[in-house]
Amino acid sequence: MSRKIANIIEKLINVFGVMQSKRQRQRTISRLVEKLTQDDLAVIEAPLGVLKVNKSRSPHVASAAYHFFKDEPETLEWIETMRPGDIFYDVGAASGIYSLYACLKPEIEVISIEPNALSFALLIENIKTNNFRNIKAFCLALSDDTKSTSLTMENFSAGAGGNSLGQMDVTSNIFHQPILTYKLDHLISEFGLPKPNYLKIDVDGLEPLVLKGATSTMRNVETLLIEIEKEVLSSHKKELISFLDSLNFRCEDEINDKKRNYIFKK
């Protein structure tokens with residue numbers, strides 16, 4: 001039924017398009033598509049308030065909106081513990097669904113960092129849709145060095161994961177997006193950004209590199225939520241735990257391969 005309706009709409013567009021030039025007809029179609037996707041919002045009624053997320057831009061975003069309460073309930077609960085005056089950094093924010101949720105607390109400040117240009121564009125659109133004023137978003141990557149490199153995008157879609165830094169294979173069809181990486185310590189000192197006391201890191205296995213570039217910043221962090229992939233657990237578990245232990249962070253749960261998100265507190 002939906003396919004038939006879509007075909008009817010397409011025919012109507014073509015009928016009305018006869019009265020336009022080819023250029024005008026294409027502009028009309030583009031405006032219609034833009035209007036339909038901008039207005040197709042998922043409305044999420046959550047404990048902190050109502051969120052609006054554009055679900056038509058990407059299947060990953062549509063899924064994240066639909067499973068908002070099921071995907072990462074521990075992340076939602078962690079965000080709900082934030083207090084007035086807290087500074088929250090969301091590193092690897094994707095389309096920003098958790099940054100947006102935190103923004104429902106207007107008395108906190110959110111810094112959202114996402115290197116994927118497609119995801120970042122949708123993050124900006126979602127910020128505008130919700131009319132949030134307590135968030136700054138930056139399209140860059142965090143690592144253990146400040147340099148120019150590339151972001152390997154195995155899945156060319158907004159909100160998709162599986163990105164990696166600096167692993168360029170010119171023989172493949174995978175897209176490589178030029179990107180700037182910063183040490184978090186350098187980013188904060190260079191541009192006068194506030195230091196976070198809440199820090200969330202979800203960077204597809206690059207967590208150890210992000211932490212190495214944030215030694216000074218971590219002294220100000222009170223609580224850290226980090227997604228640890230199985231590959232990181234197998235190769236960097238001792239290094240990761242040792243680093244956080246040296247800064248007096250303790251994990252609330254046993255670290256194993258049965259879960260991904262872990263909360264560390266001082």
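The values are calculated or read from the model by the stated rules, or taken from the named source; none is laboratory data. The model shown is predicted, which means the values in this text are computed figures rather than measured ones. Backbone-built Cβ (ideal geometry, glycine too); neighbour counts: all protein chains shown.
Residue count for segment 68-83, restricted to those that are of a type outside the set (Ser, Thr, Tyr) and farther than 20 Å from residue 130 by Cα: 8.
Scanning segment 120-134 for any residue that is in contact with a strand residue (DSSP E or B) (Cβ under 7 Å, 6 or more places away or on another chain), under 20 Å from residue 208 (Cβ atoms), at pLDDT below 95 and not small (Gly, Ala, Ser) turns up nothing. In the set (1) assigned to a helix (DSSP H, G or I); (2) among the aromatic types (Phe, Trp, Tyr); (3) touching a residue at least 24 places away in the same chain (Cβ under 8 Å), the condition left unmet by residue 120 is number (3). Between 136, 147, 128, which is free of Cβ contacts under 8 Å to residues at least 60 places away in the same chain, surrounded by fewer than 17 Cβ atoms within 10 Å (Cβ to Cβ) and under 18 Å from residue 207 (Cα atoms)? Within the list 136, 147, 128, the selection yields 147.
If I ask for residues that are touching a strand residue (DSSP E or B) at 6+ places or on another chain (Cβ under 8 Å) and modelled with pLDDT of 95 or more, which ones from segment 219-235 would you list?
Start the filter on segment 219-235 by keeping residues that are touching a strand residue (DSSP E or B) at 6+ places or on another chain (Cβ under 8 Å), which leaves 221-228.
Answer for segment 219-235, where residues must be touching a strand residue (DSSP E or B) at 6+ places or on another chain (Cβ under 8 Å) and modelled with pLDDT of 95 or more: 221, 222, 223, 224, 225.
Condition first: assigned to a loop (DSSP other than H, G, I, E, B) and at pLDDT below 90. Now tell me which residues in segment 248-265 satisfy that.
Going residue by residue through segment 248-265, those that are assigned to a loop (DSSP other than H, G, I, E, B) are 248-249, 252-260.
Of everything in segment 248-265, those that are assigned to a loop (DSSP other than H, G, I, E, B) and at pLDDT below 90 turn out to be 252, 253, 254, 255, 256, 257, 258, 259, 260.
Counting only strands (runs of 3 or more DSSP E) wholly contained in segment 139-208, the ones carrying 3 or more residues that are at pLDDT 90 or above and either hydroxyl-bearing (Ser, Thr, Tyr) or under 26 Å from residue 102 (Cβ atoms) (or both) occupy 175-182, 198-201. Of all residues being surrounded by fewer than 21 Cβ atoms within 10 Å (Cβ to Cβ) and touching a residue at least 40 places away in the same chain (Cβ under 8 Å) in segment 188-207, which is nearest to residue 91 (Cα to Cα)? Just the residue, please. Taking the candidates together, the pick is 204.
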